[in-house]
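Following: one structure in structure tokens, then a few remarks.
We did not get these values from a lab; they are worked out from the coordinates using the rules stated. Just so we're clear, the structure is a prediction, and the values are computed from it rather than from any experiment. All Cβ positions, glycine included, derive from the backbone under ideal geometry; neighbour counts span all protein chains shown.
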Amino acid sequence: MVLTRCVLLATGIVFALAVGNGQAAEHGGAAAVDPNAPVFLKMEALNVTVFDRGAAHGRISIELRIDVINKARTADVQKQMPRLYDGFLAAVTEYSGTRAAADRAPDLDYLMGRFQAYADTTVGAGVVKVLVHHSMRTL
């Protein structure tokens with residue numbers, strides 16, 4: 001019974017999407033995009049091993065999203081995403097070698113300050129806002 005409901009729900013969703021795509025094609029292509037809609041860019045997770053006195057002592061995983069505030073610069077920000085990822089990864093890697101990272105949850109205030117400063121330097125101040133989507137520390 002549950003499987004039947006899931007199949008019916010999935011079929012309904014596929015049908016609704018197909019009808020929506022058909023209506024968009026009738027009106028000259030893709031549906032109009034709201035220019036005021038927020039733009040969020042997803043980044044791959046930053047996964048770093050934490051070291052304490054030379055021995056591996058867990059992992060830090062942080063998933064970030066980039067909120068593009070200046071929408072006119074979206075294409076520029078997308079081109080800079082690999083550079084932003086590398087800079088953010090360097091910041092987490094540096095942090096993971098500190099004593100503060102060895103025995104507690106990541107200091108997100110500190111890391112977010114580093115991430116935002118790097119983003120402002122890379123793409124320009126006021127262009128993006130770095131947001132934490134998910135953070136985890138495993139032992």
Could you give the nm distance between label points at R99 and T121, where each point is 7 Å from its Cα heading toward the beta carbon?
2.6 nm
Going by how many other Cβ atoms sit within 10 Å of their own, how do I60, I66 line up, fewest first?
I60, I66
The relative contact order of region 39-138, taking Cα pairs under 8 Å that sit 6 or more residues apart, comes to a percentage of 38 percent
Can you pull the semi-axes for region 31-139, root of five times each eigenvalue of the Cα gyration tensor, sorted largest first, whole Å?
30, 13, 11
If you add up the charges near S96, with Lys and Arg at +1 and Asp and Glu at -1, over every other residue whose beta carbon is less than 15 angstrom from its beta carbon, what do you get?
+2
Could you tell me how far the Cα centroid of region 91-129 sits from the Cα centroid of region 38-58, in Å?
11 Å
